[in-house]
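**Student:** Take a look at the following structure, please.
The values are calculated or read from the model by the stated rules, or taken from the named source; none is laboratory data. If you're wondering where the values come from, they're calculated on a predicted model, not measured in any experiment. Note that we place each Cβ from the backbone using ideal geometry, even for glycine, and neighbour counts take in every protein chain shown. For the accessible areas, the whole protein counts, side chains as well, though only heavy atoms, and no ligand, DNA or RNA atoms are used. Shrake-Rupley method; radii C 1.70, N 1.55, O 1.52, S 1.80 Å.
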Amino acid sequence: MADRALSVEKPWSLKQFLFQWEWLLALIFILVMAANSFISPFFLNASTLLHAPRNFLDRGFIVFPMMMVILLGRIDISVGSNVALTSVIMGVTFNAGLPMPLAIVLALFVGTILGGITGLLQIKFFELPAMIVTLSTMILYRGIAFMILENMAAGGFPDWFLFFSWGYVGRIPFILLAFAAAAVIFGIVIHKTAFGRTIYAMGNNFLACKYSGIKTDRVLLKVSLLTGLMCAVCAIFLTSRMGSTRPNVAINYELDVIAMVVLGGVSTAGGTGKIAGPILAIFIIGFLNFGLGLMNISAQVNLIILGLMLILSVLVMNLRSGKPKV
């Protein structure tokens, strides 16, 4: 009897390679860049291309853990409030006399803890939709931020703190290098580690993973802690860019981040998506908003265009797969 060989590797397909969602995103990115260069003849130069991402890359740090959350088939709409509360605590403690390096460390700790609280609540009340649980923490964290600062602002940060968003390493903005490093790290974790494979497996069949002995609660908690940590990183870069902080910072950040992940081809049903897609979506949405700003178009129009892009992306993904993705 002939031996049979089993393989878990999918055979390479030219058709599948050419019709990846990421190629369409790359085309959209090229069109956005071409439109921006048509709007302003000064757009396509090294200075503008390196400077513009500083206006939107701070929220890009949250995209990576949010991708993990959505790969699990869940959602977290509390990230914007986490950023706001973390930023407020960092600013208030610094103004109270805490050295800025310790205030930054405190911000990283607070953001991680807030993410952990959100994760524990989702684990404890797993029967409730993640939208409801994270809506509660979104309101709670934002409310605490307003209780601490009310309508006032905290600032007066040292000049070196502004380096996070405005500093350069050579001719490259520091925030761009930090974002690239985060992209590499999360790319390896998501696509090359057992933890990343577990996330995909849980997103495809949570109950099967749970009854197979996978510690699903522990995975959910780790993802939530990572989300909180990256919210704190976002808060540091955002506060550095603004030079001060208020309780109403990072409004709608959760919508922007979720939009970037979904536009990047990550299925809200869980278990499907590649990190290259959300990275491209970050720059598509970021440069699209930058170009609309050059035309003095209102933020409301930006939201309409973003909403249409998301609807079209979901429709195209459904047509490609032949089954619903949301």
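**Student:** Please give the length that would be gained between Ile39 and Ala96 if that part of the chain were fully extended, namely 0.36 nm times their separation in residues minus their C-alpha to C-alpha distance (nm, one decimal). Intermediate results must be reported in sequence, preceding the final value.
**Tutor:** Values: separation 57, 0.36 × 57 = 20.52 nm, distance 4.63 nm.
Contour length minus Cα-Cα distance gives 15.9 nm.
**Student:** In the chain, carbon and sulfur make up what percent of the accessible area (probe 1.4 Å)? Can you show the working numbers first?
**Tutor:** Working: 11560 of 16380 Å².
With neighbouring chains kept in place, the figure for the chain is 71 percent.
**Student:** Could you work out the Kirkwood radius for segment 182-326, taking every pair of different alpha carbons, averaging 1/r and inverting it, reported in Å?
**Tutor:** 17.3
**Student:** Can I ask one more? Dipole size in debye (nearest 20) for segment 169-222 around its Cα centre, Lys and Arg Cβ +1, Asp and Glu Cβ -1?
**Tutor:** My answer is approximately 80 debye.
**Student:** By its C-alpha gyration tensor, with a ≥ b ≥ c as the square roots of the eigenvalues, how is segment 143-212 shaped: rounded for a/c under 1.5, else prolate for a/b larger than b/c, else oblate?
**Tutor:** oblate
**Student:** Mark the label point 7 Å from the Cα of Ile172 along Cα→Cβ and return the residues of segment 180-195 whose backbone N is within less than 18 Å of it.
**Tutor:** Only 180-188 pass the distance filter.
**Student:** To the nearest 0.05, what FRET efficiency results for Val184 and Met147 with a Förster distance of 41 Å applied to their C-beta separation?
**Tutor:** Details: r = 39 Å, r/R0 = 0.94.
The pair Val184/Met147 has a calculated efficiency of 0.60.
**Student:** Defining a contact as two alpha carbons under 8 Å apart and six or more residues distant in sequence, what relative contact order in percent does the chain show?
**Tutor:** 32
**Student:** For Leu294 and Asn55 in the same chain, what is the full-extension length gain: residue separation times 0.36 nm, less their Cα-Cα distance, in nm?
**Tutor:** 84.7 nm
**Student:** In µm²/s, what is D for the chain at 37 °C and 0.692 mPa s, where D = kT/(6 pi eta Rh) by Stokes-Einstein and Rh is the Kirkwood radius from Cα pairs? Intermediate results must be reported in sequence, preceding the final value.
**Tutor:** Working: Rh = 20.8 Å.
Roughly 158 µm²/s, to the nearest whole number.
**Student:** Another question, if that's okay. Full-extension gain between Phe195 and Tyr211, please, as 0.36 nm times their residue separation minus the C-alpha to C-alpha distance. Spell out each step's value before the answer.
**Tutor:** Values: separation 16, 0.36 × 16 = 5.76 nm, distance 1.73 nm.
Full extension of this stretch gives 4.0 nm more.
**Student:** Let me ask something else. Taking each full run of DSSP H in the chain as one helix, which ones are at least 20 Å long along their axis (Cα atoms) and have mean Kyte-Doolittle hydropathy of at least 0.5?
**Tutor:** The qualifying helices are 21-39, 57-71, 79-95, 100-124, 130-149, 174-192, 216-242, 276-294, 299-321.
**Student:** Cα gyration tensor of segment 38-151, axes a ≥ b ≥ c as square roots of the eigenvalues: rounded (a/c below 1.5), prolate (a/b > b/c) or oblate?
**Tutor:** oblate
**Student:** For the chain, what does -39500 (n - 2.57) per DSSP helix run (n ≥ 4), summed and divided by total residues, give at 222 nm, in deg cm²/dmol to the nearest 500?
**Tutor:** One gets -23000 deg cm²/dmol as the mean residue ellipticity at 222 nm.
**Student:** If we sort 251-258, 20-27, 305-312 on the protection proxy, mean other Cβ atoms within 10 Å, highest first, what's the order?
**Tutor:** Descending packing order for the listed peptides: 251-258, 20-27, 305-312.
**Student:** Once you sort the root eigenvalues of the Cα gyration tensor of segment 123-240 as a ≥ b ≥ c, which label holds: rounded (a/c under 1.5), prolate (a/b larger than b/c) or oblate (the other case)?
**Tutor:** Since a/c reaches 1.5 but b/c is at least a/b, the shape of segment 123-240 is classed as oblate.
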